[in-house]
Amino acid sequence: MKGHVDQELRALIPIRVTAGITDEPREYLAWVDTAFNGSFVIPRKKAEELQLPKESSVEAILANGTKVELETFGCMIEWFGETYQTQIVTNDSTYGLIGTMLLAGNKLEIDYGDGTVTLEKKKSQTVDEHSSS
């Protein structure tokens, strides 16, 4: 996967998301967040656009230590050419977040000088091998 570093020095990778297997996926840029130990967060506005079904909620601890309750949504994501059904949470930002659960077992290279982001699949794994939030 190829991405880029933006002017705010965010490492961004495109990820394709859909509500269901028969729906057309939409591509969104997601911010690589190595401090986030979950899998994927999508902006609430994007979840509403995709009409993702609400599933449950999960307790999370934010970077500042605050405990919050976050709603979870069902969706399909494309990851290294495969489509997986998973559960995600939402946030109120412009970009989603790709966490370490999706990065695990892969090689991430961020070149701030060239402004490039490369994520290579290193071993066979599925999204389902990791919890989703």
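Please specify each residue of segment 81-103 satisfying the condition of being of a type in the set (Ser, Thr, Tyr) and in a loop (DSSP other than H, G, I, E, B).
Across segment 81-103, the qualifying residues are 93, 94, 95.
Out of the residues in segment 16-44 that are without any contact (Cβ under 8 Å) to a residue 24 or more places away in the chain and not hydroxyl-bearing (Ser, Thr, Tyr), which is surrounded by the most Cβ atoms within 10 Å (Cβ to Cβ)? Give the derivation first.
Of segment 16-44, the ones without any contact (Cβ under 8 Å) to a residue 24 or more places away in the chain are 22, 24, 27.
Now restrict to residues that are not hydroxyl-bearing (Ser, Thr, Tyr): 24, 27.
Numbers: 24: 7, 27: 10.
Filtering segment 16-44 for residues that are without any contact (Cβ under 8 Å) to a residue 24 or more places away in the chain and not hydroxyl-bearing (Ser, Thr, Tyr), the one surrounded by the most Cβ atoms within 10 Å (Cβ to Cβ) comes out as 27.
Answer yes if at least one residue in segment 11-25 is out of contact with any Pro (no Cβ under 6 Å at 6 or more places or on another chain), modelled with pLDDT of 95 or more and acidic (Asp, Glu), and no otherwise.
no
Return yes or no: is residue 78 in contact with a strand residue (DSSP E or B) (Cβ under 6 Å, 6 or more places away or on another chain) and either within 15 Å of residue 39 (Cβ to Cβ) or free of Cβ contacts under 8 Å to residues at least 60 places away in the same chain (or both)?
Values: in contact with a strand residue (DSSP E or B) (Cβ under 6 Å, 6 or more places away or on another chain): yes; either within 15 Å of residue 39 (Cβ to Cβ) or free of Cβ contacts under 8 Å to residues at least 60 places away in the same chain (or both): yes.
Yes, satisfied.
Quick one: in segment 16-46, which of the residues that are among the aliphatic types (A, V, I, L, M) and closer than 15 Å to residue 108 by Cα is farthest from the chain's Cα centre (by Cα)?
Residues of segment 16-46 that are among the aliphatic types (A, V, I, L, M), as a first pass: 17, 19, 21, 29-30, 32, 35, 41-42.
Of the ones still in play, those that are also closer than 15 Å to residue 108 by Cα are 30, 32, 35.
Values: 30: 6, 32: 8, 35: 13 Å.
Step by step, filter segment 16-46, then rank; the result is 35.
It is to be established whether one or more residues within segment 81-94 are surrounded by 19 or more Cβ atoms within 10 Å (Cβ to Cβ), modelled with pLDDT under 95 and of a type in the set (Phe, Trp, Tyr).
no
The values are calculated or read from the model by the stated rules, or taken from the named source; none is laboratory data. What you are looking at is a predicted structure, and each value in this text was computed from that prediction instead of being measured. Cβ atoms come from the backbone with ideal geometry, glycine included; neighbour counts cover every protein chain shown.
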